[in-house]
Amino acid sequence: MELEELGSWLRLTLTPGVGNESARKLLAAFGLPDAVFRQSTAALQQVVTLAQATALRTEPPALAALIDLTWAWLQGSGAGQAQRHIVVLGDADYPASLLTIEDPPLMLYLLGAGRFSPDSAQTTADISNSTDYSIANSLANSIAVVGSRNPTPQGAANARHFSKAMGMAGLTVVSGLALGVDGAAHEGALDSVTPGSKRLATVAVVGTGLDRVYPKGHLELAHRIAQNGLLISEYPLGTPPLAANFPNRNRIIAGLAQGTLVIEAALKSGSLITARLTAEQGKDVFAIPGSIHSTQARGCHALIKQGAKLVESAQDVLEEMNVDTGPAFAIHSVTGGEDIVSADGLFDTEHALLDALGFDPVGLDALQARCGLDTANLQAQLMALELDGLVARLPGGLFQRMAEA
C-alpha cells in the first residue's frame, strides 16, 4: 500500500460520524477513498447525511500524525521479525470469510507470520521453503476457542489441552488474547507447533491498536503469537483498550473461524456473543458441559440446550469438523480415567480421595465427611495431589479435581 492510499483510508476511518456502514455506502457509490474525498458536498449528500458530508470535506486534525505513525509501523518489518501488513475492504488479500458477516471491517492490521495469499511471482518451491505461507489456507482449517476471563483451573486446563490437540491435528486456533480461556487457548495452540510447520498455530483478534498489548501480562504471549501465528486488529495504531471494542471484535473471531468451541462461560459472558454470531453464520458451535452447580458452566449448558454440540474431547470436535487425524493421532477424553495418574504412579482413578473429590469444587469439611480421613492425613494427601497437578486449590478454601484433555 502506497503512502497516499494509506492516508485516504485512514482519513475515511477517522472522519467523525462516519462508521463502517456509511463508509461502505460511500465506497460502493464512488470507489476508493480518494475518490470519495474528491466529491462535492451535494454529491456526498446523495449517499450520507449533510453532517457526514460536511465532516468528509474537512481533514481530521489527528490525521497527519496517524499517517506518520502507521507508515513507520509498516516499515518496521525486517529479516527475522514479524511481518506487518494492512489489508482493506476490496483487496484480494482481504479474508473472504469476513465479507459475509454483518459488519465487515474496513481495514485490518496484521502482525505475524504469513500473508493472506502467496505472491504470484513466487514459485511453488519458493512457497514451500518459506515461512511466509498463506493465511487464507490456515483459516480454512480453523476453530475459535473462547470462554471465561476467570475460568476454573479445570477450564483453563481444558482450553490449553483442547487447543494443543486440535493444533496437532492441523487446526488454527482463533481467540481474543483476553485473560483466562483465551490466553490458555493461544498457549495450547503454540504448544502444538513443530519445527518447519507450514501453518499458523493461532490467530489473536485484539481490541486495541497493534502497537499495544492488552492485557499487559500477555506481552510475552503476544510476541510468541507474532512468531508462530498472527495478531489482527481493525483499530488504528494507538487505540487504547476501550470497553466497547472487545465485544465488537467478537464478530471477527466468529467470522474468521470455521466453528466455535466455548470452554466455560457464565450466562452473560461475551463468549456467548461469539457463539451466537457463529451459529448465525451457519457454522458449528461446540460447548463443554460442566457442573450444574457452577456459574461458569451455565452459559455452555444454555448453548447446548439451544443446539450446540456437547463435546467431551478434542476428538469430538475434530470428527464434527471432518478433520482426518490419521491412525496415529490419539486424543484422550476430558473425562478420561486413564489420564488421572500422578507422576510417581501413587494415585489412579480408583484412589478413594480422587473419587471423593469428584469434579465439582468442594470444601475441606465436606471432603473429610466423604472420605473419613483425619485432618492431617487429608491435608497431606491433598498437598501431594496438588503437587502432581491432579488437584487445584481454589479461592475460599475449596479444592477441585483436575482432568487431562
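No lab work stands behind these numbers, since they all come straight from the coordinates. Quick caveat: nothing in here was measured; it's all calculated off a predicted structure. Cβ coordinates were reconstructed from backbone atoms using ideal geometry, including for glycine residues, and neighbour counts include every protein chain displayed.
Per-structure values
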item	result
Label-point gap, in nm, between Cys371 and Glu220 - each point 7 angstrom along Cα→Cβ	3.2 nm
Ala42-Lys198 pseudo-label distance in nm [points 7 Å out on the Cα-to-Cβ vector]	5.9 nm
Sequence-separation-based contact order of the chain, relative, with Cα cut under 8 Å and 6+ spacing, percent	12 percent
Violating pairs (Cα-Cα greater than 30 angstrom) within the set Lys216/Lys283; Lys25/Lys198; Lys164/Lys216; Lys198/Lys305; Lys216/Lys305	Lys216/Lys283; Lys25/Lys198; Lys198/Lys305; Lys216/Lys305
Over the chain: Kirkwood hydrodynamic radius from C-alpha pairwise inverse distances, Å	23.1 Å
Cut-off 13 Å, label 7 Å out along Cα→Cβ of Asn20, residues of segment 185-207 by amide N	206-207
Loop GluC sites (Glu not before Pro), segment 1-32 (other Cβ atoms within 10 Å of the site Cβ: 11 or fewer; DSSP)	Glu2
Over segment 142-191 - Rg/Rh using Cα atoms and the Kirkwood inverse-distance radius	0.93
Helix-only [θ]222 nm of the chain, DSSP H runs n ≥ 4, -39500 (n - 2.57) each, per residue, nearest 500	-11500 deg cm²/dmol
The chain: DSSP helices with Cα axial extent of at least 20 Å and average Kyte-Doolittle hydropathy no lower than -1.0	153-168
